[in-house]
Amino acid sequence: MVLRGHRHDEASGDDDQATLKADLEERMYAALETDDLRVQMRAVFLAASRIPESICIRSLTRRLFLLRPRFRRLIVHRLRRQAHTTEPSVRADVLLNIGAILAMQGTAVCFSREEEELAYRTYFGLGADVAIRREHDVPVLREARDTLSAAMAAATHGSLRARCAQELCSVLLALKLGEEATRVIAEGVLNADSDILADVRLRLALTLLELGDIEGADRELRQVVRDDLATYEGGGHLSVIAHGQLGVLALARGDVTAACTQLRAGIFIAPCCHLNQRRGLAALARRLIEFGAGASVGVIVTALRESYSLDQIDRRAPGLVDTLSDVL
């Protein structure tokens, strides 16, 4: 497959670089709003050629690359060429994009329920005929690890190192290198600016949880909520995820009251565009019901219905209304 540039895609020597980048970023965001694959592919191709450090590349690529594997190889090749020719100040960003794409390519996607796979396919616009990787591709993940390590080493400021650490941590966990993953993401937390601190710390908390450090995970999850509140008034989807995980931990130690408190706290955080990341609340509600605490969940839902419609509740906690259909 060959994507040829349009004559209007060529910039004249007098074009202001900042204006050009802003225009291409605008195309990327516009492409996110369309289902037209050719529009999306052209936007990614142009960004990879002109602004290879753009975070928009990662925003668009998962669906595109699942649907068009050959296009993925083309973009990785294009980005590698750019990494060799671009100025050092943006090389780390380009390597981060390459590493993130390779990680996406090599990491298996696992679902514990059919509903989760359906939600995943719906979110990315994937038909039932689109294959989803079920096992890790270890050679690709090792390539991703090396690329992300190089990006982290080349990063010129703390928050970029923190972003690299997030991606690298996930790859190291997939490669079963837990100790190294913990060290990398802990360094990321130390490097993170306040605007991304909660995001990076959440990755640390989930890493500790995956490795069985329940006490450490609990501590970091509570700090995620505090960090998120310091950035967003009332908290955002990161707080929702943290509350959901804290509720699961509370239920694991038999503390139904604490689990319900976390469920309530997560639901009452104002809704945002990150609907998939809020599904943990419905999962927590299911666990509470299975634990025999359906009545306690019903009290929370009754309080919710005094202020919100069922549609509004579902935006705050996607899947909750279906989960609690008997209670409602």
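Overview of values
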| read-out | value |
| --- | --- |
| Matching option when the condition is of a type in the set (Phe, Trp, Tyr) and within 24 Å of Cys164 (Cβ to Cβ), among Phe71, Phe65 | Phe65 |
| Matching entry among Arg133, Arg161 (being surrounded by 15 or more Cβ atoms within 10 Å (Cβ to Cβ), out of contact with any His (no Cβ under 9 Å at 6 or more places or on another chain) and either aromatic (Phe, Trp, Tyr) or farther than 22 Å from Ile185 by Cα (or both)) | Arg133 |
| Residue that is within 28 Å of Arg72 (Cβ to Cβ), touching a Cys at 6+ places or on another chain (Cβ under 6 Å) and either in the same structural domain as Arg72 (by TED's automatic domain parsing) or not in a helix (DSSP H, G or I) (or both), where the choices are Ala165, Ala181, Ala144 | Ala181 |
| Number of positions in the stretch 177-196 that are closer than 16 Å to Thr231 by Cβ and at pLDDT below 95 | 5 |
| Flag if Thr207 is assigned to a helix (DSSP H, G or I), polar (S, T, N, Q) and more than 23 Å from Leu324 (Cα to Cα) | yes |
| Count of the stretch 230-265 residues which are surrounded by fewer than 16 Cβ atoms within 10 Å (Cβ to Cβ) and of a type outside the set (Val, Ile, Thr) | 8 |
| Residue within the stretch 117-131 that is closer than 17 Å to Thr207 by Cβ and either under 19 Å from the mean Cα position of the chain (by Cα) or assigned to a loop (DSSP other than H, G, I, E, B) (or both) present | no |
| Test result for Thr182, surrounded by 21 or more Cβ atoms within 10 Å (Cβ to Cβ) and among the polar types (S, T, N, Q) | no |
| Test result for Ala128, among the small types (Gly, Ala, Ser) and touching a helix residue (DSSP H, G or I) at 6+ places or on another chain (Cβ under 6 Å) | no |
| Filter result for Leu173 (in contact with an Asp or Glu (Cβ under 8 Å, 6 or more places away or on another chain), within 20 Å of Ser89 (Cβ to Cβ) and in a helix (DSSP H, G or I)) | no |
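The values are calculated or read from the model by the stated rules, or taken from the named source; none is laboratory data. Just so you know, these numbers come straight off a predicted model, no measurement behind them. Don't worry about glycine lacking a Cβ; one is built from the backbone with ideal geometry, like all the others, and counts go over all protein chains shown.
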